[in-house]
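The values are calculated or read from the model by the stated rules, or taken from the named source; none is laboratory data. Keep in mind the model is a prediction, meaning the values are calculated, not measured. Glycine also receives a Cβ, built like all others from the backbone with ideal geometry; neighbour counts cover every protein chain displayed. When the accessible area is computed, the model is the full protein with side chains, heavy atoms only, and any ligands, DNA or RNA have been set aside. Shrake-Rupley method; radii C 1.70, N 1.55, O 1.52, S 1.80 Å.
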Amino acid sequence: MKLLEMNNIKKSFGDLEVLCNISLSVSKGEVVAIIGPSGSGKSTLLRCATMLEKIDAGDIIYLGEYAAKNTAEGKALYAPAAELKKIRNYYSLVFQNFNLFPHYSVLRNITDAPINVQKRSKAEATKTALSLLTKMGLEDKKDAYPYQLSGGQQQRVSIVRALAMNPQILFFDEPTSALDPELTGEVLKVIRGLAEENITMVIVTHEMAFAQDVADRVIFMDGGIVVEEGTPKEVFENSLKDRTKQFLQRYSHK
Amino acid sequence: MILTIETIIIQLAYGMLKSIAIFGLTLIGSLPLGLFVAFGRMSKFKPLQLFIKFYISIMRGTPLMLQLMVVYFGPYFLFGIQTSSSYRFIAVIIGFVLNYAAYFAEIYRSGIESMPAGQYEAAAVLGYTKSQTFFKIILPQVIKRILPSITNEVITLVKDTSLAFAISYMEMFTIAKKIASSQSTLMPFVVAGVFYYIFNFIVAWIMERAEKKLSYYR
Ligand SMILES: Nc1ncnc2c1ncn2[C@@H]1O[C@H](COP(=O)(O)OP(=O)(O)OP(=O)(O)O)[C@@H](O)[C@H]1O
Ligand SMILES: [Mg+2]
């Protein structure tokens, strides 16, 4: 089953066309890694998928429900607010710089939206949060405030915050890029664990080894288009396009 | 008639109550109004934004004393409306609230604009409504950020209450001036100064407590 379909997405900032007719589809249980040089539009694609940014043209379909639909004039038309509100429950996003709420404790960061947005009971939301925290080895941090945590711990809390919403798809935008190198491992390990549980994920990353290892499918983007797409083996070892080869070479020399 | 120091103190203490009333009502009115003004200032609706900008520049660009006089005498001189005697106090409060709302609005605005976009985005992805986002996520953090500036304004307000003398409202300073000229002594000013100082000391202490209370996070 397709959880997400994005068809022929176009997005410009002023005169700058950032997404040029991009399509992306994600099936249940799939882990998709998006790689590509800086400025290629990876974040913009995630931000469009999560409706932080509005697309100019194309379709966005979650579980068969249209969030945005291309009209006959070739312009994207968004669904009514109530429908979008429902669709927002299907996904969650983990940010590069965590974006935890600094004035809430770890526990409240995780439970506040389930309680106040999804109207789940406080007891149930707390129970879910605590079991997720325990799984991440963070149960003793539940009363801490974000500033008291290391970057790696903050990112793990933000992953718990996203998971606590019971999303169908989890998006990650460079989840380890803001971390000190010695802290990236603990976060990648968590994401690996989620992949093993068959949680559907779309991960923008510059960690090539990780992408190769964890993804079912790799998408190489450059200049607002998908240059190449395939299994990790196809993209990393037998890439067909020169642009992909150049990019991967540059990365392996780093 | 020579007034004893006790009588002077009692009369000034009475004026002090009036000063406290101006102070309290001004804050009650201008702190929330300032937030609305800030929204207007940040509005995407250009005419409203320009109007608010003009209002703020007038409030900040002319003396509060003058504004009080306009509010108090305006109804009569501009519209020929006979105002009742109780209007003096109302005029004081209107003038102060309008003035301080402008200052608070600019403080709110700078605080709101200093909030990182990531906080809005995290809230949006989690499905918070616009008003939940503002009142649960943004405003509490804004308050922490702007509290030092609010403290400055509030302390200025304590001293500014004396400007009500411009329309002869009988708060502490007006009374001190009256006693001083009838008794030819500086004593009332000294006492009034002490009163203002104590008042501000308490206000500063409360604001410090509030800042401490919000220091549980960074
Ligand atoms: N809000 C915006 N306004 C104007 N231009 C933008 C905006 N957001 C992104 N861009 C531009 O769009 C292009 C793609 O940006 P995007 O952030 O999607 O790239 P990216 O692939 O995520 O890069 P990186 O690897 O550096 O994160 C860049 O040229 C960027 O400057
Ligand atoms: Mg990016």
Looking only at residues in the stretch B:5-21 that are surrounded by fewer than 17 Cβ atoms within 10 Å (Cβ to Cβ) and not small (G, A, S), which one is nearest to the chain's Cα centre (by Cα)?
B:I20
Could we say that A:T244 is of a type outside the set (A, V, I, L, M), within 16 Å of ligand 1 (Cβ to nearest atom), in contact with a Leu (Cβ under 7 Å, 6 or more places away or on another chain) and in contact (Cβ under 8 Å) with a residue 24 or more places away in the chain here?
no
Looking at A:R108, A:R47, A:R120, which one is under 30 Å from A:K233 (Cβ atoms) and out of contact with any strand residue (DSSP E or B) (no Cβ under 7 Å at 6 or more places or on another chain)?
A:R47
Give A:E53, A:E65 a once-over and let me know the one that is more than 22 Å from A:L194 (Cβ to Cβ) and under 17 Å from the mean Cα position of the chain (by Cα).
A:E53
Within 14 Å of chain B (Cβ to nearest Cβ), at positive phi and at pLDDT 95 or above: which single residue out of A:N116, A:N99 fits that description?
A:N99
Got at least one residue in the stretch A:33-51 being more than 14 Å from ligand 2 (Cβ to nearest atom), open to solvent by 30 Å² or more (accessible area, probe 1.4 Å) and within 24 Å of A:A81 (Cα to Cα)?
no
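One line per residue, one yes/no per condition, for (1) within 26 Å of B:L12 (Cβ to Cβ); (2) polar (S, T, N, Q); (3) in contact (Cβ under 8 Å) with a residue 24 or more places away in the chain:
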| site | (1), (2), (3) |
| --- | --- |
| B:N99 | yes, yes, yes |
| B:A117 | no, no, no |
| B:K144 | no, no, yes |
| B:T156 | yes, yes, no |
Do we find a residue being away from chain B (no Cβ under 12 Å) and among the β-branched types (V, I, T) anywhere in the stretch A:74-87?
no
Filter the stretch B:164-216 down to the residues that are among the β-branched types (V, I, T) and in a helix (DSSP H, G or I) and list them by number.
B:I167, B:T174, B:I175, B:I179, B:V190, B:V191, B:V194, B:I198, B:I202, B:V203, B:I206
Scan of the stretch A:107-145 for residues that are in contact (Cβ under 8 Å) with a residue 24 or more places away in the chain and of a type in the set (S, T, Y), ordered by number
A:T111, A:T128, A:Y145
Kindly check whether there is at least one residue in the stretch B:148-161 that is closer than 30 Å to A:F98 by Cβ, open to solvent by less than 60 Å² (accessible area, probe 1.4 Å), assigned to a helix (DSSP H, G or I) and not hydrophobic (A, V, I, L, M, F, W, C).
yes
Could we say that A:A195 is more than 15 Å from ligand 1 (Cβ to nearest atom) and closer than 16 Å to A:V26 by Cα here?
yes
Keeping to the stretch B:164-218, report how many residues are hydrophobic (A, V, I, L, M, F, W, C) and either free of Cβ contacts under 8 Å to residues at least 12 places away in the same chain or open to solvent by 40 Å² or more (accessible area, probe 1.4 Å) (or both).
16
Any residue in the stretch A:34-56 that is more than 14 Å from chain B (Cβ to nearest Cβ) and within 14 Å of A:M6 (Cα to Cα) sitting within a Cβ distance under 9 Å of a residue that is part of a helix (DSSP H, G or I) and within 13 Å of ligand 2 (Cβ to nearest atom)? List the pairs, counting only those 6 or more apart or interchain.
A:I55/A:C48
Determine which single condition A:E65 fails, assuming it passes every other condition in (1) more than 16 Å from ligand 2 (Cβ to nearest atom); (2) away from chain B (no Cβ under 14 Å); (3) more than 12 Å from A:M6 (Cα to Cα).
(3)
When you check A:V227 against the structure, is it within 16 Å of ligand 1 (Cβ to nearest atom), within 14 Å of chain B (Cβ to nearest Cβ), not in a loop (DSSP other than H, G, I, E, B) and not basic (K, R), yes or no?
no
Out of all the residues in the stretch A:219-230, is one or more within 17 Å of the chain's Cα centre (by Cα), of a type in the set (A, V, I, L, M, F, W, C) and within 22 Å of A:V157 (Cα to Cα)?
no
Looking at the stretch A:120-167 only, could you name the residues that are farther than 24 Å from B:Y216 by Cβ and within 11 Å of chain B (Cβ to nearest Cβ)?
A:A162, A:M165, A:P167
Of (1) open to solvent by 30 Å² or more (accessible area, probe 1.4 Å); (2) at the interface with chain B (Cβ under 10 Å from one of its Cβ atoms); (3) of a type outside the set (S, T, N, Q), A:L183 satisfies all except one. Which?
(2)
Scan the stretch A:210-238 for residues that are of a type in the set (D, E, K, R), closer than 21 Å to A:K28 by Cα and open to solvent by less than 50 Å² (accessible area, probe 1.4 Å) and jot them down.
A:R217
